[in-house]
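Enquirer: Mind having a look at this structure? Questions to follow.
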Amino acid sequence: MTRLHRLIILAVLCLGITSTASTAAVADEISLREIAAGFVDANFSGVSETAQALAETGDPAAAVILQALREGRLHWMKSDEALLIADRDGREMRLFDLFSEEPAGTARRRDLSKVTVNNAIRNQVDGLIGGLTLLSPDPEARRSAVTAVFERRDPAFLETLDQAIEQEEDARLRALMEEARAAILLADDGAPLEARLAAVATIEARGGQDALSTLAAALSEDAPPALVDAAAEARAAVEARLKMWGYAQNVWQGLSLGSVLLLAAIGLAITFGVMGVINMAHGELVMLGAYTTFFVQEIIRTSAPGLFEWSLLIALPLAFLVSGGVGVLIERGVVRWLYGRPLETLLATWGISLILQQTVRTIFGPNNREVGNPDWMSGAMHLGELTITYNRLWIIVFALAVFALLLLVLRHTPIGLQMRAVTQNRAMAADMGVRTGWVDAMTFGLGAGVAGLAGVALSQIDNVSPNLGQSYIVDSFMVVVFGGAGNLWGALAGAFTLGIANKFLEPVAGAVLAKILVLVFIILFIQKRPRGLFAVRGRAVEA
Amino acid sequence: MSPGPAPRATSALLYLDGVSKSFDGFRAINGLSFIVEPGELHAVIGPNGAGKTTMMDIVTGKTKPDEGTVLWDGRVDLAQIDEAGSARLGIGRKFQKPTVFETHSVEDNLLLALNADRGVFATLFATLSAAQATRIDDLLALVRLEDRRHTLAGGLSHGQKQWLEIGMLLAQDPKLLLVDEPAAGMTDDETMRTAQLLRDIAGDHAVVVVEHDMAFVQALDCCVTVLHQGTVLADGSLAHVSAVPAVIDVYLGR
Amino acid sequence: MSLRALDRRSWVFLGLLFIIVVAVPLANLATAPGSWAHLPSFAVSLFGKYLCYALLAVALDLVWGYCGILSLGHGAFFALGGYAMGMHLMREIGPRGVYGDPVLPDFMVFLNWDHLPWFWHGFDMFWFALAMTMIVPGVLAFVFGWLAFRSRVTGVYLSIITQALTYALMLAFFRNEMGFGGNNGLTDFKDVLGFDLQSDATRAGLFVLSGLALALGFILCRVIVTSKAGKVLVAVRDAESRTRFLGYRVESYKLFVFTVSAMLAGLAGALYTPQVGIINPSEFSPANSIEIVIMVALGGRGTLVGAALGAIVVGAANTLLTGWFPDFWLFVLGGLFVAVTLFMPRGILGVFDRGGPVRPGAPAGLALRRKEA
Ligand SMILES: Nc1ncnc2c1ncn2[C@@H]1O[C@H](COP(=O)(O)OP(=O)(O)O)[C@@H](O)[C@H]1O
Ligand SMILES: [Mg+2]
């Protein structure tokens, strides 16, 4: 005799002699057991009816049985038709009690028979479980229950739902329950018209994609015309709101892409814009920044795991130094011999980009490297229908911060002043004692260092591979060319315009086509304004 | 290009009236009026930044005026025309900084300037006619570069480049020559020879010369216009303008 | 006219080219495999590929070396020519494809397309395809150049937007919906005009044709650059605004050479595809185009012969080094870019003719400073 059997006998014996409270519980168990017996050897409709009947008891214990049914763990013993939960364990089956869920020994597979379910039943059961757990003490369980109920719109839950609304203390959850109630009423042809109209309003206020589908699907064919009209109006309103959220989403994603472009392009705006030097190795300097981040995290992983949360902050100055240092080397070693010959500079720096790529490939291998997100960079928050991931948010903030910092450096520091002096009139600056060679190196180094900073940020959202830089170089040149060289504000405007344009085109045209369209647009735009949005005018540029 | 023989608004070859041009709010040319008669030799002087070069830019279609009339030969609106168009009308220009084609020989520089069809396919199949060859010889003699005929222009001295550019200007056979500071970088002797040459040219061609060198302007012995802050301060003979107090104030005296 | 256009160096070049064009097929066809003089068949196609690159480099030299237009998108014209020829070769396959569709190329059957896109019509005719290999790049260059040159986009700005052009085309050709085989491009060709592409004789024939195309392209470019129009081009390169003030419509000249050059590039691509056996979107990659630039720079820009020479040297170095030390090639290529621009601005041929033309911008010494505005 199994434990279960003994338990049942015990329970039956107890029935007459225990206190009322426990009597009620045991009575429930017995009645549940009686109802559940309907599962034994039932066809699909029998299973479905039994599940429904179980749920209608409103007993949370029924939820456990339904859950087991849902997961395909509900079995009965061929010998005595007793129901129990069983998991496969090799050739054996491990058994659990239906109510206490305690281990109840093992059995051979062929002694058991499974209660089989199809998809229709699974869906039905999901809703049923939802109704049953509405009263669960666990808020998370209630939340998922209410979602399931909202989707099923089964009038059978109305009573439980009312009870749950009354008890609920969490305002958000209560609102969700009200909405679920509205969804049920909406679908219930038996409910009074006013209540159903009010339900339409509640659902409309909920908004979002599921409100839309509820409004579309809940009404039966013989719903009163007034209700149908109200629902149609509500749908239009929800759709309009969704569209606005869609735009907001596009803007957000555009800002996010724009900030990435800004980061990639802003260093270029210095070398190209301020110095007139085409640095084709700019993308590779970004890549070096990303690899510095990887390297820092690698060291932290092996020697100081506690610092992981700080890894990005540690990597920032290092990346600035690494990329900036390489930048200074490039300037002193190659670029400075080529001033006044922009096309040659372009070719030489392209060569440098190949060398840097291959160097990194040789040291770190050709594959993507894993750079982790610290906790404060992972996760997301919700703003209405918007999902805002923290890494994107931080990158926007970071890009703007770098931008502001550069603006300050160029405007208000001695080195910034010297840089501008050298750009505007090299000879005169030299006469006034500015060490032009040093200023050139520093300017180039600054642009390169900023590329390194960009690399740290991009390591959080992109694959860190030797090709990282290549994927940004055309885009960042487009930003600078579009915005107008020689102007940081141009880079800002260019980056965000292109980012947002891209994201608005994407839903219409698809990602690749959107990018092509943007490129074509820039090519046409340059025809109109060969010097970009924020052109620096004057004779100097025309010479 | 111009629809039929429109009535001539003026008998002047070049006619500027009320022309203004601003760069980022800065008025480089301000209500300028200026007339050049056919065959006239005319000097323009004025302090740096007075707008002399900008005036030439406007006449040659490099810069579009904001307002005012710029008429060529009394009928063609120069504001509608680009640089090549102005050259084809018969306006030749010498830059402040000598610009010749440095990797071409002296001879080829002149050949490119010679008055001939400038279309792509015309030049693709062009051959050098005897008349053109003679003209090149003459010009080489005139600018005293016969023995440098095959030298690359990049190898010439500064003064020689100035001369070559003047030669190219003549090769164009323009109706109007705009010459921007030709004497810069020349020896006194060369300066005087240039002045003489310009005087020789005038008559057949109208010539407008911008210059700082007073001795040079004196040698030109022609009508002088003084430009200041984009407007005409005075004009007349050199002696006349030198006596105008405003001119002395801003330019000559101090 | 064409004879006067050829100087001594041109004759040397054409002579060498002639020897190669005769010797390579002979060494392959007329010798027994295993004999010391035998050239394996793959090498014939490989050398043919170099000749195609040489033609492309000559075309680029025409616009860059003579007119100062540094195009970073010439690979696009090359690839378009290659695709046009590839489309013909695909149509030639006919029902011999894997899916056996009499008209549709395999990749279209694979994508469940039921008819040929409109732009694939006509490519079953060889003459049409051949014309398209030059017309398509020519028209693209004309439209692009018309827009760019008329608004006076010059210098690095022009370079960057030509790069954007080829980049945009690359993205476009990667798309299956474009109808050019997406990622995989066009491949598995069987024959051309009835000649089996795998046979040695066909390979040799294509090689000879490539040599011929290079010779003709070279002569055409020589004719252009030695004409008065060629002098105008150099004038534009050296002093664009001076040229305008002499009355030349600079944009027309640029448009003319840019278009001619693009058509030559297309022809080179058309010969490249059957010899390599595949054309795919990576031919549009900006890196490819810029590699052509370094070929021209290495050989000596503004010499035409140098461009062809540079293409062959770089091509051969690429083949040898990627074979011997695969990791080393990018270092060499990168180093080449730096070394040529710093130490050999006039390229290999420039080293030979010292005392020749000194190009402005080419440094007298390394200490040349930025030109003041
Ligand atoms: N393209 C331009 N952009 C901005 N300012 C200009 C431009 N061209 C001329 N200027 C300004 O117009 C003024 C007149 O210049 P310019 O005509 O060269 O004087 P000048 O030749 O008489 O010395 C100067 O202050 C100059 O800075
Ligand atoms: Mg001036």
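The values are calculated or read from the model by the stated rules, or taken from the named source; none is laboratory data. Computed from a predicted structure; not experimentally measured. All Cβ positions, glycine included, derive from the backbone under ideal geometry; neighbour counts span all protein chains shown.
Enquirer: Please go through segment B:52-95 and pick out each residue that is away from chain C (no Cβ under 11 Å), hydroxyl-bearing (Ser, Thr, Tyr) and within 14 Å of ligand 1 (Cβ to nearest atom).
Expert: Within segment B:52-95, B:Thr53, B:Thr54, B:Thr63 qualify.
Enquirer: Could you please tell me which pairs satisfy a Cβ distance under 8 Å, a separation of 6+ or placement on different chains, a first residue in segment C:230-248 that is facing chain B (nearest Cβ under 7 Å) and among the basic types (Lys, Arg), and a second residue that is assigned to a loop (DSSP other than H, G, I, E, B) and surrounded by fewer than 24 Cβ atoms within 10 Å (Cβ to Cβ)?
Expert: Qualifying pairs under 8 Å: C:Lys231/B:His104; C:Arg242/B:Phe95; C:Arg242/B:Thr99; C:Arg244/B:Asp82.
Enquirer: Residue by residue through segment C:268-293, note down the ones that are surrounded by fewer than 22 Cβ atoms within 10 Å (Cβ to Cβ), part of a helix (DSSP H, G or I) and among the β-branched types (Val, Ile, Thr).
Expert: Across segment C:268-293, the qualifying residue is only C:Val276.
Enquirer: Would you mind stating whether A:Glu331 is touching a helix residue (DSSP H, G or I) at 6+ places or on another chain (Cβ under 6 Å), among the charged types (D, E, K, R) and more than 12 Å from chain C (Cβ to nearest Cβ)? I'd like the intermediate steps shown before the answer.
Expert: On the way: touching a helix residue (DSSP H, G or I) at 6+ places or on another chain (Cβ under 6 Å): yes; among the charged types (D, E, K, R): yes; more than 12 Å from chain C (Cβ to nearest Cβ): yes.
Considered against the rule, which asks whether it is touching a helix residue (DSSP H, G or I) at 6+ places or on another chain (Cβ under 6 Å), among the charged types (D, E, K, R) and more than 12 Å from chain C (Cβ to nearest Cβ), A:Glu331 comes out as yes.
Enquirer: While we're here: Out of the residues in segment B:168-184 meeting the condition of being within 16 Å of ligand 1 (Cβ to nearest atom) and assigned to a loop (DSSP other than H, G, I, E, B), tell me which one is nearest to B:Thr53 (Cα to Cα). Outline the logic, then answer.
Expert: Going residue by residue through segment B:168-184, those that are within 16 Å of ligand 1 (Cβ to nearest atom) are B:178-184.
So of that shortlist, the ones also assigned to a loop (DSSP other than H, G, I, E, B) come out as B:181-184.
Working: B:Glu181: 10, B:Pro182: 13, B:Ala183: 15, B:Ala184: 14 Å.
In this case the residue turns out to be B:Glu181.
Enquirer: Taking segment B:201-229 as the region of interest, how many residues are at pLDDT 85 or above, under 18 Å from the mean Cα position of the chain (by Cα) and within 16 Å of ligand 2 (Cβ to nearest atom)?
Expert: 9
Enquirer: Please go through segment B:14-43 and pick out each residue that is within 10 Å of ligand 1 (Cβ to nearest atom), in contact with a strand residue (DSSP E or B) (Cβ under 8 Å, 6 or more places away or on another chain) and farther than 23 Å from B:Asp82 by Cβ.
Expert: Result: B:Arg27, single match.
Enquirer: Does A:Val238 count as at pLDDT 80 or above and within 16 Å of A:Leu193 (Cα to Cα)?
Expert: Values: at pLDDT 80 or above: yes; within 16 Å of A:Leu193 (Cα to Cα): no.
Taking the combined requirement at face value, the residue does not satisfy it.
Enquirer: Name the one entry in A:Ser144, A:Ser79 that is exposed (fewer than 15 other Cβ atoms within 10 Å of the Cβ) and either over 21 Å from A:Ala36 (Cα atoms) or touching a residue at least 12 places away in the same chain (Cβ under 8 Å) (or both).
Expert: Details: A:Ser144 fails: exposed (fewer than 15 other Cβ atoms within 10 Å of the Cβ).
The match here is A:Ser79.
Enquirer: Tell me which of these C:Val260 doesn't satisfy, since it passes every other one: (1) within 29 Å of A:Ala348 (Cα to Cα); (2) more than 10 Å from chain B (Cβ to nearest Cβ); (3) crowded, with 24+ Cβ neighbours inside 10 Å.
Expert: Going through the list (1) within 29 Å of A:Ala348 (Cα to Cα); (2) more than 10 Å from chain B (Cβ to nearest Cβ); (3) crowded, with 24+ Cβ neighbours inside 10 Å, C:Val260 breaks only (3).
Enquirer: Given segment B:1-114, what helices (runs of 4 or more DSSP H) lie entirely inside it while holding 2 or more residues that are on the phi < 0 side of the Ramachandran plot and not assigned by the TED database to the domain that holds B:Leu156?
Expert: Numbers: elements: B:52-59, B:83-89, B:106-113.
Helices (runs of 4 or more DSSP H) meeting the threshold: B:52-59, B:83-89.
Enquirer: OK, next. Quick one: is B:Thr127 surrounded by fewer than 14 Cβ atoms within 10 Å (Cβ to Cβ), within 12 Å of chain C (Cβ to nearest Cβ) and either in contact (Cβ under 8 Å) with a residue 40 or more places away in the chain or among the β-branched types (Val, Ile, Thr) (or both)? Break it down into steps so the answer makes sense when it comes.
Expert: Working: surrounded by fewer than 14 Cβ atoms within 10 Å (Cβ to Cβ): yes; within 12 Å of chain C (Cβ to nearest Cβ): yes; either in contact (Cβ under 8 Å) with a residue 40 or more places away in the chain or among the β-branched types (Val, Ile, Thr) (or both): yes.
Considered against the rule, which asks whether it is surrounded by fewer than 14 Cβ atoms within 10 Å (Cβ to Cβ), within 12 Å of chain C (Cβ to nearest Cβ) and either in contact (Cβ under 8 Å) with a residue 40 or more places away in the chain or among the β-branched types (Val, Ile, Thr) (or both), B:Thr127 comes out as yes.
Enquirer: Scan (1) closer than 25 Å to C:Leu72 by Cα; (2) without any contact (Cβ under 8 Å) to a residue 12 or more places away in the chain; (3) more than 14 Å from chain A (Cβ to nearest Cβ) for the single condition C:Phe142 breaks and write down its number.
Expert: Tallying (1) closer than 25 Å to C:Leu72 by Cα; (2) without any contact (Cβ under 8 Å) to a residue 12 or more places away in the chain; (3) more than 14 Å from chain A (Cβ to nearest Cβ), C:Phe142 fails exactly one: (2).
Enquirer: Can you find a residue that is surrounded by fewer than 21 Cβ atoms within 10 Å (Cβ to Cβ), within 13 Å of chain C (Cβ to nearest Cβ) and on the phi > 0 side of the Ramachandran plot anywhere in segment A:471-489?
Expert: no
Enquirer: Would you check which residues across segment C:301-329 are touching a Leu at 6+ places or on another chain (Cβ under 6 Å), within 14 Å of chain A (Cβ to nearest Cβ) and either crowded, with 22+ Cβ neighbours inside 10 Å or polar (S, T, N, Q) (or both) and list them? Spell out the reasoning first.
Expert: Residues of segment C:301-329 that are touching a Leu at 6+ places or on another chain (Cβ under 6 Å), as a first pass: C:303, C:306, C:310, C:328-329.
Filter again for within 14 Å of chain A (Cβ to nearest Cβ), leaving C:310, C:328-329.
Passing the criteria: only C:Gly310.
Enquirer: Any residue in segment B:96-111 that is at the interface with chain C (Cβ under 8 Å from one of its Cβ atoms) sitting within a Cβ distance under 6 Å of a residue that is in a loop (DSSP other than H, G, I, E, B) and within 16 Å of ligand 2 (Cβ to nearest atom)? List the pairs, counting only those 6 or more apart or interchain.
Expert: Every condition considered, no pair remains.
Enquirer: Let me ask something additional. Does A:Leu215 meet the test of being in a helix (DSSP H, G or I) and at pLDDT 80 or above? Break it down stepwise before answering.
Expert: Details: in a helix (DSSP H, G or I): yes; at pLDDT 80 or above: no.
Judged against the criteria, A:Leu215 is not a match.
Enquirer: Which of (1) more than 12 Å from the chain's Cα centre (by Cα); (2) surrounded by fewer than 16 Cβ atoms within 10 Å (Cβ to Cβ); (3) more than 14 Å from chain C (Cβ to nearest Cβ) is the odd one out, the single condition A:Asn373 does not satisfy?
Expert: Every condition holds for A:Asn373 apart from (2).
Enquirer: Taking the condition modelled with pLDDT under 90, within 14 Å of another protein chain (Cβ to nearest Cβ) and within 16 Å of ligand 2 (Cβ to nearest atom), does B:Gly25 pass? Explain how you work it out, then say what you get.
Expert: Details: modelled with pLDDT under 90: yes; within 14 Å of another protein chain (Cβ to nearest Cβ): yes; within 16 Å of ligand 2 (Cβ to nearest atom): no.
Criteria not met by B:Gly25.
Enquirer: Looking only at residues that are modelled with pLDDT of 90 or more and of a type outside the set (A, V, I, L, M) in segment B:158-167, which one is farthest from ligand 1 (Cβ to nearest atom)?
Expert: Restricting to residues being modelled with pLDDT of 90 or more and of a type outside the set (A, V, I, L, M), the top hit is B:Gly167.
Enquirer: Next question, about the same structure. Determine whether B:Leu164 is part of a helix (DSSP H, G or I) and within 22 Å of B:Pro38 (Cβ to Cβ). Walk me through how you get there before you give the answer.
Expert: Numbers: part of a helix (DSSP H, G or I): yes; within 22 Å of B:Pro38 (Cβ to Cβ): no.
Against the criterion (part of a helix (DSSP H, G or I) and within 22 Å of B:Pro38 (Cβ to Cβ)), B:Leu164 does not qualify.
Enquirer: Among (1) within 14 Å of chain A (Cβ to nearest Cβ); (2) within 16 Å of ligand 2 (Cβ to nearest atom), where does B:Ala43 come up short?
Expert: (1)
Enquirer: Conditions: (1) surrounded by 20 or more Cβ atoms within 10 Å (Cβ to Cβ); (2) within 16 Å of ligand 1 (Cβ to nearest atom). B:Thr191 meets all but one. Number of the miss?
Expert: Failed condition: (2).
Enquirer: What number goes with the only condition from (1) within 14 Å of chain C (Cβ to nearest Cβ); (2) surrounded by fewer than 20 Cβ atoms within 10 Å (Cβ to Cβ) that A:Arg426 does not pass?
Expert: Of the numbered conditions (1) within 14 Å of chain C (Cβ to nearest Cβ); (2) surrounded by fewer than 20 Cβ atoms within 10 Å (Cβ to Cβ), the odd one out for A:Arg426 is (2).
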